[in-house]
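Input: a single structure, listed below in structure tokens.
We did not get these values from a lab; they are worked out from the coordinates using the rules stated. Here the structure is a predicted model, which is why all the values come from computation and not from measurement. With ideal geometry, Cβ positions are generated from the backbone for all residues, glycine too; neighbour counts draw on all protein chains shown.
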Ligand code: GDP
């Protein structure tokens, strides 16, 4: 599976968000999602298409796809120097696929801010600085090791060393690598270093209920994100925590009253999914309708491999109907009759929403 680490300074609303995320799906039937460890939660992906398919196929069982969130607490200034839980914190981030950086954009006199005032730019800089310094440390160690190989004339080492030398001053200024502008090829070249500031990142701007508009804190986060090509998701974690506690029926009533189409958490989960370059395909049988996650660009056999490695090894063909055709025509047979059912081979690149049935040898 893929996971997203939740980071941010103390008292910005990380735990509130994490708890809301892990509670939000608790009454989803048939799904054994859980909090694996105290700080890790598996969250069902909200997807209205799955509900539509369920209405049409009326299966015995419905299984959503999931995202994993990890609450990474304990960052303080100086983490990259090993202060506080610094090293542990950085090691935990290294294991995540993407980062959700929670930023405090609300005033609340009862909640102490670590630096005594709400200042999103300063907060973001502290976290980014620690992550950049951790990457700087990685660069400096790697450059030292590479120096010897470079002398030996190794071409690959020369290229890598040249990239490291170029990014070093950027990191030394405390700036994230995602704003450096490495080419895709250069990113591949340094992939094995697992740079923290190259991980796909979104800012979760934690606002008050009335803080979605005319909120200078939120505007500041938007400005910073724009400079870095990062995404911003404004959300009121406090409100989300309350929504997550409600039963289904109460929840829809509450959302209606608030004029919200869906819980803000759904936007957070979806943003995490998009950040990771993920998409969904479906299997729709009478026993089970199920959503599966694949990377954008995955081929049919790779998608089959998500269900079972044997499906990938023994892949013969994929029977495919697009989601739109499946739903507008009213199911697989109707799609077949309308000529919208396709047999695709091993080079087929799966599209978001494809309804697939795999043929394979066992
Ligand atoms: P963490 O240290 O980042 O995990 O922060 P917490 O989630 O424990 O939140 C710190 C405090 O801020 C708690 O008392 C929360 O109730 C409060 N808080 C969190 N989100 C919001 C919000 O959106 N608005 C307001 N007013 N308070 C919030």
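Between residue 338 and residue 180, what length in nm is gained on full extension when 0.36 nm per residue of separation is reduced by their alpha carbon distance?
51.9 nm
Going 7 Å from the Cα of residue 173 along its beta-carbon direction, which residues of the stretch 179-197 have the amide nitrogen within less than 16 Å of the resulting point?
179-182
Gaussian network model of the chain, Cα springs within a sub-10 Å range: biggest mean-square fluctuation belongs to which of 197, 220, 280?
Result for the chain, Cα springs under 10 Å: 220 fluctuates most.
Among 313, 287, rank each residue by its count of other Cβ atoms within 10 Å, from fewest to most, as a rough exposure measure.
In order of increasing Cβ crowding within 10 Å: 287, 313.
Using a Gaussian network model of the chain whose springs link C-alpha atoms within less than 10 Å, name the residue from 101, 308, 170 with the highest mean-square fluctuation.
Its mean-square fluctuation being the largest, the pick is 308.
Just 241, 134, 143 to compare: in a GNM of the chain, with alpha carbon springs under 10 Å, which one fluctuates most?
Taking springs between Cα atoms under 10 Å, the residue moving most is 143.
How high is the relative contact order of the chain, in percent, with contacts defined as C-alpha pairs under 8 Å that are six or more residues apart?
Across the chain, relative contact order equals 19 percent.
Tell me whether the chain comes out rounded, prolate or oblate; compute the Cα gyration tensor, take square roots of the eigenvalues as a ≥ b ≥ c, and use a/c under 1.5 as the rounded threshold.
Because a/c hits 1.5 or more and a/b fails to exceed b/c, the chain counts as oblate.
Pull up the DSSP beta bridges for the stretch 3-275 and report the antiparallel fraction as a percent, rounded to 5.
Values: 7 of 26 bridges.
Expressed as a percentage, antiparallel bridges in the stretch 3-275 total about 25.
Relative contact order, percent, of the stretch 297-360 when contacts are C-alpha pairs under 8 Å separated by at least 6 residues? Walk me through the intermediate numbers first.
On the way: 101 pairs, mean separation 30.8, N = 64.
RCO, the stretch 297-360: 48 percent.
Using only helices, what value at 222 nm comes out for the chain when you add -39,500 (n - 2.57) per DSSP H run of length 4 or more and divide by the total residues, to the nearest 500 deg cm²/dmol?
-13000 deg cm²/dmol
How far apart, in nm, are the 7 Å Cα→Cβ label points at residue 112 and residue 140?
With each label point 7 Å from Cα toward Cβ, the separation is 3.3 nm.
Under the 0.36 nm per residue contour assumption, what length would be gained going from the current alpha-carbon distance of residue 288 and residue 255 to full extension?
8.9 nm
Mind jotting down the distance between the C-alpha centroids of the stretch 174-192 and the stretch 311-362, whole Å?
37 Å
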